[in-house]
1. Percent of accessible area on the range 17-141 owned by carbon and sulfur, 1.4 Å probe?
2. Based on the Cβ-Cβ distance from Q145 to S90, what FRET efficiency comes out when R0 is 22 Å, to the nearest 0.05?
3. In whole Hz, with x marking every Gly and Pro, tabulate ³J(HN,Hα) for the range 28-34 from phi via Karplus 6.51 cos²θ - 1.76 cosθ + 1.60, θ = phi - 60°.
4. Quick one: Karplus J couplings for the range 35-40, per residue in order, coefficients 6.51, -1.76, 1.60, θ = phi - 60°, nearest Hz, x for Gly and Pro?
5. Over the range 29-106, with the other protein chains present, what is the accessible area per residue in square angstrom, probe 1.4 angstrom?
6. Using amide H atoms built 1.01 Å from N in the peptide plane, name the residues 5+ places from E112, or on other chains, whose amide H lies under 5 Å from its own.
7. Using only the alpha carbons of the range 22-121, determine the length spanned along each of the three principal axes and report them from longest to shortest in whole angstroms.
Amino acid sequence: MHDDASRHDDKSAIKAGGQVSGISGTVDFPDTSSYTGEFIRKENIIIREGNGVYKFADGCTYSGQWHLDRQHGEGNLSYADGGSFFGRWSEGLMRHGTLRNAGGDVYIGEFERGKMNGVGAIQYARGGSYHGEWHSGRKEGRGEQTHRN
């Protein structure tokens, strides 16, 4: 799984200067990233608010809900390597959902600070699974491990 699954927490407000029309529009950035969606304007700063799509310069894409310029609510993050996360976000961080890595492993459960944390289950692409407690991205506490046959 990704070491820091929420590494795409973009907390910086968008400075006015891109093409924005009304409360929705598209902003293209010099690093080739872009945002298309809903905004609110506060003084001379445009803040992502509502639904929108952010395409990162590294090829990753977040599509979903925004609140005060952070991923918040339901959203999908697609990684450039083929992995993805779909679920609930809060203040720019993953909270609960499904994380798939490029190798085919699938984790469903809780997250804290972008890492598997709390109760969750992982199904390994090569067989086997684990269901139980996680802490900081590692299996820790009570759980049940199965191995491929």
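1. Values: 3200 of 6610 Å².
That share works out to 48 percent.
2. 0.15
3. 9, 9, x, 7, 6, 7, 8
4. So the J values, rounded to whole Hz, are 10, 10, x, 8, 9, 10.
5. Details: 3780 Å² over 78 residues.
Result: 48 Å² of accessible area for each residue.
6. Amide H neighbours of E112: N117.
7. So the extents along the principal axes, rounded to whole Å, are 44, 24, 17.
The values are calculated or read from the model by the stated rules, or taken from the named source; none is laboratory data. Given the structure is predicted, the values throughout are model-derived calculations rather than measurements. When we count neighbours, we look across all protein chains shown, and the Cβ atoms used for this are built from the backbone with ideal geometry, even at glycine. SASA here: full protein model, heavy atoms, side chains in, ligands and nucleic acids out. Shrake-Rupley method; radii C 1.70, N 1.55, O 1.52, S 1.80 Å.
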